[in-house]
Amino acid sequence: MEFKTPLFRTKDIRDRILKKGKGYGTFIVEKNGREIIYSFAHLEVWNMYFVVVADYNALVRRVESQ
């Protein structure tokens with residue numbers, strides 16, 4: 001099954017999300033000088049992945065300001 005979505009077209013991102021035996025996880029990728037955090041979980045009931053993508057530094061600043 002091919003993983004299709006415009007946000008995750010790179011093979012590296014797809015491979016990390018679809019890694020065999022791993023239904024959930026978090027990883028950080030550097031893109032254009034920014035750290036991007038990906039958090040994902042496989043939803044078996046719908047056979048799909050829920051993926052959240054955020055700017056890591058903006059997320060840390062937000063958490064620290066609360």
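No lab work stands behind these numbers, since they all come straight from the coordinates. Since the model is a prediction, treat every value here as computed from it, not as a measurement.
Here is the P(r) of the chain: all C-alpha pair distances, binned every 5 Å from 0, give 3, 15, 26, 25, 14, 10, 6, 1, 0 in whole percents. Just to be sure I follow the rule: in the chain, considering lysines 8 or more places apart or on different chains, how many pairs have Cα atoms under 18 Å apart? Number of lysine pairs found: 6. 3J(HN,Hα) couplings calculated from phi for region 22-31 with the Karplus curve 6.51 cos²θ - 1.76 cosθ + 1.60 (θ = phi - 60°) are, in sequence order, 10, x, 7, x, 9, 8, 10, 10, 8, 9 Hz; Gly and Pro show x.
For the chain, relative contact order (Cα pairs under 8 Å, six or more residues apart, normalised by length) works out to 20 percent.
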